[in-house]
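Each remark here refers to the structure printed beneath this line.
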Amino acid sequence: MALKVLVGCKRVIDYAVKIRIKPDKLGVVTEGVKHSMNPFDEIAVEEAVRMKEAKLVNEIIVVSCGPAQAMETIRTALAMGADRGIHVEIPLGQMDTFQPLHVSKVLAKLAEKEKVDIVMLGKLAIDDDANQTAQMTASLLDWPQGVFASKIDKTDAGLEIIREVDGGLETIRTTLPAVLSADLRLNEPRYATLPNIMKAKKKKVVKMKPADLGVDMAPRIQVVSVEDPPVREAGQTVSDVDDLVAKLKDKGFSSA
Amino acid sequence: AVMRGVPQLLSRARLVRAGFSASEPVLAVQAGILQPDKFTQTFVQIRGLKSSKVIYQAPLTAVDIADSGKQLKQELEAIVGPGNVSSGESVVLQHGQDEGPHPGKSPDIVVFPSSTGEVSEVCKICTRHNVPIIPYGTGTGLEGGISAVEGGVCVNVSKNMNKILQIHQEDFSAVVQPGISREMLNQEMRADGLWFPVDPGADASVCGMCATGASGTNAVRYGTMKENCLNLEVVLADGRIIHTAGIGSRPKKSSAGYNLTSLFLGSEGTLGIITSATICLHAIPESVAAAVVGFPTVQNAVDTVVMTLQCSVPMARMELLDEVQMKACNEYSGLSYPETPHLFLEFHGSESEVESQTETVRDIAADNEGGEFQWAVQQEDRTKLWTARHRAYYADIALRPGCRSLTTDVCVPVSALPDLVTATKADIAENGLIGPMVGHVGDGNFHTMLLFDPADPEEFRKCKEVANKMARSAIALGGTCTGEHGVGQGKMALLEEQFGKDGIDVMRQIKGALDPQQLMNPGKVFSRN
């Protein structure tokens, strides 16, 4: 009965870093910049670990696609409680054209290969805000999807998932296997502790390339330009309420 | 006082320190009169009035007094850049007021240096102009420590100096600049299994925490700033840069030379400006559990604490909230705790250690009439359980919308706590005040939030009276008038009581040696004489 979970983790620029646009305006500066695990992926890993502690899951495989440094992200997930890792190597130069569709194809192939019951992802990555991978993976596998999950429970037939949607909360039931994506309020992830970081060094991580999984890496999307938002202009001081009202009228905010 | 031809910036500071009182009529003349001899004498001519007053000051450059204010600003701009010097109204206002109840005085100029070298040059300039220097971190203090009582230059070292310089994982230490706060540091290290546990409640600057000798809820297990600081880089008033434990030194212990680190820790900016701190890091605990338990009386709660400590349970957090505080928390956070004193507890360790610690304390609490023992392990559940404690301050302010709080801070030996708490509560009731109480009981340190209407000076006076009485009782019981917030302005008289004249005189002598012109944060900790 115990389930097998495949958790996807992405290495992204740390949320606290001030982003700078590259001079060629085709991307952002990543060299020498602090990176860490995508916060929604931390929540995904945490949920998988809790399911394992509740004995619903007996194996957690963490996968990350990226350059050599993606290993740090995998190790963090292992320190949080994942059992083993898969590093799908993408050379640094190809990272710009490596897109959600490719990730979905990789995850779909791995899900079949490893015979997992749940693919667990973060709802989106904070660098591209794409929010596509979970949905496309489910589609490729023809599995049900429970995305933006804020609560996940096991039922006899499969899973019951509460999703955060614009209007409130939606409860759905799915069969297994399924693809899930974690939203902010699913849980509060644990910190990796030193003893667990040390144990994680001994856990197995297998390396492979997208070609090994038969995934074609040709990009489908071309980034045309990346620009800063407009610089904030100085405000105007108004002398009194009449002045304010006059200015609002000038700018078309008041029809009176 | 009518002062013409003399820029306000310098006249106020200079004339006050020269001994003129504010009500003394003075007319000072410009230029041409300054031929200071080598040592310090300057003679200000009074036009049309007879005066024999002679002012002794630090050596002046032979410069037109009327231009001195402008000159000071120009010299500062030359060091830090024109964009980093401001005397704008809102800027100086913000830099003179901290989060305490005392109205602060604005400095004349605020500078934002970007390096220790710039801080040093700024101090040299201020020394030459004989202008006070007030260091500024995050302005989250509670005792008016940044108020520029004699005007002067506020040196904001956190805006541009905000790097984590080094993290040494295997040595459990880090070197940070003043712009790094506790939360920023912990976010940076979160994936490395390390954390900096001194938590004063506000997201304060780590170097600011060094300056006030800060502490927090974790002190019972992890210590205060004094136990977690290995070395400080300090800029003195004359611009000299020193390293209190040795240049680049960060061993766990040392017997080399005088303990200058201890001297500057808690000196509240009166001896120098801290421009970087080497601090101790700790391992994030493998397992954390939180618990809450209520008691019929404060005595029961404190007895539980004393017995727990005597059983050598390595408690990470032990917080006491009295019944007034619990009521406030219930109302503010929509909780339903019984309105009796409660202990909020946290246990750190391996899973088995935490389990056994929790069991031990559960039993001790039950032996002391403890009520229901609620506990949690999961992160969100622990957060929920501790909500009452985390939001205590806001819950207090919500008791009387529009009020402000005089937050007291005394620390006594743990055995003396129940008596002091009981006496204090009686005093608060007698004066008709509202004063919820929160205590770091493991350290014998507690705070009362005495609420007052800012428009009612009589109520504020009563609060001050209660606070002073509490501090005096604490001193008499073998404690201290301030456990963690510092002396600032409000407790200077109490410091004299605690140390006696000789003790304070030694402090004065040390200050006189390091800051002969009395420029470093004047009007704080102790008076000039």
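The values are calculated or read from the model by the stated rules, or taken from the named source; none is laboratory data. Keep in mind it's a predicted model, so treat the numbers as computed, not measured. Every residue, glycine among them, receives a Cβ derived from its backbone with ideal geometry; neighbour counts consider all protein chains shown. These accessible areas exclude ligands, DNA and RNA; they are computed on the full protein's heavy atoms, side chains included. Shrake-Rupley method; radii C 1.70, N 1.55, O 1.52, S 1.80 Å.
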Can you say whether A:Val12 is part of a strand (DSSP E or B) and of a type outside the set (S, T, N, Q), as far as the supplied structure shows?
yes
Considering only the stretch B:334-351, I want to know if a residue exists there that is in a helix (DSSP H, G or I), away from every other protein chain (no Cβ under 14 Å), over 13 Å from B:Ser287 (Cα atoms) and open to solvent by 40 Å² or more (accessible area, probe 1.4 Å).
no
B:Gly486 - would you say it is at pLDDT 95 or above, closer than 21 Å to B:Leu417 by Cα and of a type in the set (Gly, Ala, Ser)?
no
Say whether the condition of being under 17 Å from A:Ala48 (Cβ atoms), touching a helix residue (DSSP H, G or I) at 6+ places or on another chain (Cβ under 6 Å), open to solvent by 40 Å² or more (accessible area, probe 1.4 Å) and in contact (Cβ under 8 Å) with a residue 24 or more places away in the chain is met by at least one residue in the stretch A:154-170.
no
Among the listed residues A:Arg185, A:Arg173, which satisfies the condition of being surrounded by 11 or more Cβ atoms within 10 Å (Cβ to Cβ), of a type in the set (D, E, K, R), within 14 Å of another protein chain (Cβ to nearest Cβ) and not in a loop (DSSP other than H, G, I, E, B)?
A:Arg185
Is it true that some residue in the stretch B:374-390 is under 19 Å from B:Thr482 (Cα atoms), open to solvent by 40 Å² or more (accessible area, probe 1.4 Å) and more than 14 Å from chain A (Cβ to nearest Cβ)?
no
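Of all residues in the stretch A:48-73, count the ones that are within 12 Å of another protein chain (Cβ to nearest Cβ) and either over 13 Å from the mean Cα position of the chain (by Cα) or acidic (Asp, Glu) (or both).
5
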If you go through the stretch B:85-140, how many residues are within 26 Å of B:Ala467 (Cα to Cα), charged (D, E, K, R) and open to solvent by 30 Å² or more (accessible area, probe 1.4 Å)?
2
Would you point out which residue out of B:Leu263, B:Leu236 is under 18 Å from B:Pro178 (Cβ atoms) and not basic (Lys, Arg)?
B:Leu236
For the stretch B:175-194, give me each residue that is more than 8 Å from chain A (Cβ to nearest Cβ) and outside any loop (DSSP other than H, G, I, E, B).
B:Val175, B:Val176, B:Ser181, B:Arg182, B:Glu183, B:Leu185, B:Asn186, B:Met189
Mind counting the residues in the stretch B:229-256 that are within 26 Å of B:Ala219 (Cβ to Cβ) and part of a loop (DSSP other than H, G, I, E, B)?
9
A:Arg232: open to solvent by 40 Å² or more (accessible area, probe 1.4 Å) and within 14 Å of another protein chain (Cβ to nearest Cβ), yes or no?
no
Residue in the stretch A:191-205 that is nearest to the other protein chains (Cβ to nearest Cβ), counting only those that are under 21 Å from the mean Cα position of the chain (by Cα) and open to solvent by less than 70 Å² (accessible area, probe 1.4 Å)
A:Ala192
